[in-house]
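To start, the structure under review is shown below, and the notes come after it.
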Amino acid sequence: MRILNVLILIFFINSYSQEKLRVDEIYTIDGLTYKSFDGELFTGIAQKNRNNNHLKYEVEFEKGVLVKQTVYFNTRENQIAREIFYKNKKWNKPLKEISYGLDRDYKCVKSFNSNDEKILDEDYENGILVYRCEFMKNKKNGIEFSVNKNGIKTECKYENGKFLK
């Protein structure tokens, strides 16, 4: 009975685990990514390392479709520099991009709509929102909010890219 439970557990883990390959072990045709050795659609993570085996970037696929890309800083630790999340379509523009600071707790988040237009830009320092601006058709549209180094908050209003107040 214990052997059966172990076999079921191993099957369960294998069926839900993602495969990790090198970038040179996959290829893309018409926006879908396949494994080089068997031609099957790739679900998992493909990694690119430097010569010293430092992780440079990795891309995640689900049934051959690009889902996420992660780029790392060139440091000893695998510290994330940028994450890009993609829509569930073949090779398209990002849904969201998140950039991180190397020497400080900084994060910049850019969001895009289904027409691949930027709709929101936000910056965080030490987990606190210090900049936020809405966009429409890639132009500032709405309230632009910012906090300077002295903690003073500023708000400006834009409409279709034009400053109102």
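The values are calculated or read from the model by the stated rules, or taken from the named source; none is laboratory data. Because the structure is a prediction, the values reported are computed rather than measured. Backbone-built Cβ (ideal geometry, glycine too); neighbour counts: all protein chains shown. Note: areas computed on protein heavy atoms with side chains; ligands, DNA, RNA excluded. Shrake-Rupley method; radii C 1.70, N 1.55, O 1.52, S 1.80 Å.
Key figures
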item: Selection within the stretch 111-133 - among the charged types (D, E, K, R) and open to solvent by less than 70 Å² (accessible area, probe 1.4 Å); result: 116, 117, 118, 121, 122, 123
item: Those residues of the stretch 148-165 which are in a strand (DSSP E or B) and either at positive phi or exposed (fewer than 10 other Cβ atoms within 10 Å of the Cβ) (or both), in sequence order; result: 153
item: Set 95, 102: member being out of contact with any Asp or Glu (no Cβ under 8 Å at 6 or more places or on another chain), open to solvent by 60 Å² or more (accessible area, probe 1.4 Å), in a strand (DSSP E or B) and within 30 Å of residue 73 (Cβ to Cβ); result: 95
item: Number of the exception - residue 37 against (1) open to solvent by less than 70 Å² (accessible area, probe 1.4 Å); (2) more than 30 Å from residue 136 (Cβ to Cβ); (3) not charged (D, E, K, R); result: (1)
item: Output for the stretch 68-92, where each listed residue is in contact with a Lys or Arg (Cβ under 9 Å, 6 or more places away or on another chain) and either touching a residue at least 60 places away in the same chain (Cβ under 8 Å) or assigned to a strand (DSSP E or B) (or both); result: 69, 70, 71, 72, 83, 84, 85, 86
